[in-house]
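A short write-up of the structure that comes next.
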Amino acid sequence: MMKPVPRLRVLISVTFVLCLFVVFQIHKSDLFGKNLQITQQVNNIFISIASSSHHQTLNLTKYSNESDGNRAKQPKEETDTCAGRYIYMHNLPSIFNDDIIKDCRAVIKWFNMCPFMVNSGFGPQVLEYANNTAQVLTTKTGSWYSTNQFLLSVIFRERMKHYECLTNDSSLASAIYIPYYAGLDVSRHLWGYNTTVRDALGTKLARWLRERPEWTKMHGRDHFFVAGRIGWDFRRCSDEDSEWGSNLMCLPEFSNTTMLSIETTTWTNEFAVPYPTYFHPTSLTEVRRWQEKVKSVKRRYLFSFVGAPRPTLDGSIRGEIIKQCLASHGICKFFNCNEPGNDWDNPVKIMDVFKRSVFCLQPPGDSYTRRSIFDSISAGCIPVFFHPGSGYKQYMWYFPKDYTEYSVYIPENGVKNGTVSLRDLLGMIDKESVSRMRNEVVKIIPKILYIKPGMVRPEKIDKESVSRKRNEVVKSIPKIVYTKPELVGSEKIEDAFDIAVDRVIERVAMIKRMMEEGKDLQSEYSQTRDLKNLE
């Protein structure tokens, strides 16, 4: 009776035969030619041998007849990294978005928005047209733009088109996005139009949504949109022509949705997201270089204010702030946006002031918030707030809960009555505290930026993504190509878009659980919150 052949000897024999087979195929044709598929199949057999050495018999027929493409599609071998993260985007008629920006001259009555519509809503690229541009910004990266503060709805939609978990199957979606340019629509009719005109397109969209099958699932409670203006522009709940804004959020359909705006009202179905800044980077490396630059820059001014007086605005503290700044003998820098020749929308001039200032004053203007908050933070400047509704009660998804970590709060009453000296108060803050706060401000920077659409951030590539990419490469060439190690970072830094989408998905999941449990949803939609109380 013959002894059984040892398992190792069988493996060596099979491997030797396969090697001869490969050499024969290579001799017959070029490695990248007609027999590429055969070479791939052999590679698969080697992998199978290594992973299945416990089997006494190898089923070679199975692997020789099965392509890599088919194997990669098997659900057991591939994890769905988008599970629970899918977003469905409505394919709206163009009257709700594209047609609005085609008629760009009509978007704002006294201002031509057309130049800012280019580059996916980022506006014109900042070039090295001035000697100090390169000193202020990192223009060689091509990531600085003259971005208008009211174009967030356009920027967000362009980003969503490249979202890695965008789906055409609404049944898979964890949330549904409405790509309606609400802010640009209403801004066309804010001055000189009656309520019927102001409300027309929003009312038409509400009817369109109501007739969609996706609406019936949760009656709009899984839907969200980006307003691109402050929330008060959509909360006119009367039919008086003298009242401001549109009635969009007072419509029954939209009162069930979640609105993302650059400033919220007191209603609990609104959430504030950052104003767009001038900086739209493409990589983690670029962000880190900018962070290091603003951390190490020498700051000439103790504090600064970039803005304009509001003499006709009741209760405004801007006049007192400007007065104290001008009397500081060079300790404070005042950049008057109303002064001719100051180029209030010039990114280089604005960022130059912020980069050279330790503290940046952020008093309320026409509303609680300002775009300047985010431009100054992106420059590493410590924000000084005078009202809780300017930051702390707005951007809770983006700012640390403890406001003392990254900012200074000065109650506006002290400024109004002249009992607070900004120079003395800010000058008393020790260097150690300043350094600590600046470090926290610099950490916030990536969270408030909107990166370029279609760019893959290094920190977003995880091990499963690398494996998936590698399998795609193996299909094309008979060897494995690994992603550069620098692209496989363990640190995950999200930008403003990522954070907004993740938080909306979390909110929809919570609402869904509440509906299943029969809980009252009033707290999430029709209740109001206090924007004036610091606590």
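The values are calculated or read from the model by the stated rules, or taken from the named source; none is laboratory data. All values derive from a computational prediction rather than experimental measurement. Don't worry about glycine lacking a Cβ; one is built from the backbone with ideal geometry, like all the others, and counts go over all protein chains shown. Just the protein is used for accessible areas: all its heavy atoms, side chains included, with ligands, DNA and RNA removed. Shrake-Rupley method; radii C 1.70, N 1.55, O 1.52, S 1.80 Å.
Observations on the model:
- Residue list for segment 106-122, restricted to those being under 15 Å from residue 191 (Cβ atoms) and open to solvent by 30 Å² or more (accessible area, probe 1.4 Å): 106, 109, 110, 111
- Candidate set: segment 319-340, residues that are over 18 Å from residue 148 (Cβ atoms) and assigned to a loop (DSSP other than H, G, I, E, B); chosen: the one most open to solvent (accessible area, probe 1.4 Å): 329
- Filtered residues of segment 216-242 (kept if in a loop (DSSP other than H, G, I, E, B) and open to solvent by 90 Å² or more (accessible area, probe 1.4 Å)): 217, 219, 237, 239, 240, 242
- Every pair of residues 6+ apart whose Cβ atoms lie under 6 Å, when the first sits in segment 203-220 and is closer than 14 Å to residue 93 by Cβ while the second is surrounded by 13 or more Cβ atoms within 10 Å (Cβ to Cβ) and of a type outside the set (A, V, I, L, M): 205/96; 205/180; 206/253; 209/215; 209/253
- Residue count for segment 379-419, restricted to those that are open to solvent by less than 40 Å² (accessible area, probe 1.4 Å) and assigned to a loop (DSSP other than H, G, I, E, B): 16.
- Here the helices (runs of 4 or more DSSP H) wholly within segment 88-162 that include at least 3 residues being over 26 Å from residue 178 (Cα atoms) are 133-136.
- Any pair with Cβ under 6 angstrom, 6 or more apart, that starts in segment 409-435 at a residue that is under 12 Å from residue 321 (Cα atoms) and in contact (Cβ under 8 Å) with a residue 12 or more places away in the chain and ends at one that is open to solvent by 50 Å² or more (accessible area, probe 1.4 Å) and outside any helix (DSSP H, G or I): 423/331
- Listed by first and then second residue, the pairs with beta-carbon distance under 6 Å, at least 6 apart or on different chains, first residue in segment 359-376 and aliphatic (A, V, I, L, M), second in a loop (DSSP other than H, G, I, E, B), form an empty list.
- Sole exception among (1) aliphatic (A, V, I, L, M); (2) within 22 Å of residue 89 (Cα to Cα); (3) open to solvent by less than 40 Å² (accessible area, probe 1.4 Å); (4) in contact with a Cys (Cβ under 9 Å, 6 or more places away or on another chain) for residue 172, by number: (3)
- Scanning segment 367-376 turns up no residue that is out of contact with any strand residue (DSSP E or B) (no Cβ under 8 Å at 6 or more places or on another chain) and either exposed (fewer than 14 other Cβ atoms within 10 Å of the Cβ) or farther than 24 Å from residue 228 by Cα (or both).
- Residues located in segment 177-204, provided they are out of contact with any Lys or Arg (no Cβ under 8 Å at 6 or more places or on another chain), over 16 Å from residue 229 (Cα atoms) and in a helix (DSSP H, G or I): 196, 197, 200, 201, 203, 204
- The condition (being in contact (Cβ under 8 Å) with a residue 24 or more places away in the chain, open to solvent by less than 20 Å² (accessible area, probe 1.4 Å), over 30 Å from residue 375 (Cβ atoms) and of a type outside the set (A, V, I, L, M, F, W, C)) is satisfied by just one residue among 264, 258, 167: 167.
- Residues (out of contact with any Asp or Glu (no Cβ under 9 Å at 6 or more places or on another chain), in a helix (DSSP H, G or I) and closer than 30 Å to residue 273 by Cα) located in segment 426-440: 426, 433, 434, 435, 438, 439
- Scanning segment 483-512 for residues that are at pLDDT 95 or above, of a type in the set (A, V, I, L, M, F, W, C) and either over 27 Å from residue 277 (Cα atoms) or over 17 Å from the mean Cα position of the chain (by Cα) (or both) yields a count of 4.
- Filter result for the condition that a residue is among the β-branched types (Val, Ile, Thr), surrounded by fewer than 18 Cβ atoms within 10 Å (Cβ to Cβ) and closer than 30 Å to residue 352 by Cα, over 141, 147, 203: 141
- Any hit, segment 521-529, residues being modelled with pLDDT of 50 or more, open to solvent by 80 Å² or more (accessible area, probe 1.4 Å) and outside any helix (DSSP H, G or I): yes
- Residue pairs whose Cβ atoms lie under 7 Å apart, separated by 6 or more positions or on different chains, with the first residue in segment 96-124 and free of Cβ contacts under 8 Å to residues at least 12 places away in the same chain and the second in a helix (DSSP H, G or I) and not basic (Lys, Arg), are 105/114; 114/104.
- Extreme residue, nearest to residue 497 (Cα to Cα), among residues of segment 421-454 that are at pLDDT below 95 and surrounded by 17 or more Cβ atoms within 10 Å (Cβ to Cβ): 451
- Residue list for segment 90-105, filter: touching a helix residue (DSSP H, G or I) at 6+ places or on another chain (Cβ under 9 Å) and open to solvent by less than 60 Å² (accessible area, probe 1.4 Å): 90, 92, 93, 94, 96, 97, 100, 101, 104
- A Cβ distance below 6 Å, combined with a sequence gap of six or more or placement on separate chains, defines the contacts here; from segment 297-323, residues that are under 21 Å from residue 407 (Cα atoms) and without any contact (Cβ under 8 Å) to a residue 40 or more places away in the chain reach no residue that is of a type in the set (Gly, Ala, Ser) and loosely packed, with under 14 Cβ neighbours inside 10 Å.
- Of the residues making up segment 376-408, those that are of a type outside the set (S, T, N, Q) and in contact with a Pro (Cβ under 8 Å, 6 or more places away or on another chain) are 377, 386, 387, 389, 391, 395, 398, 406, 408.
- Scanning segment 341-366 for residues that are assigned to a loop (DSSP other than H, G, I, E, B), at pLDDT below 95 and open to solvent by 40 Å² or more (accessible area, probe 1.4 Å) yields 341, 343, 344, 345, 366.
- Residues (under 11 Å from residue 198 (Cβ atoms) and touching a strand residue (DSSP E or B) at 6+ places or on another chain (Cβ under 7 Å)) located in segment 235-254: none
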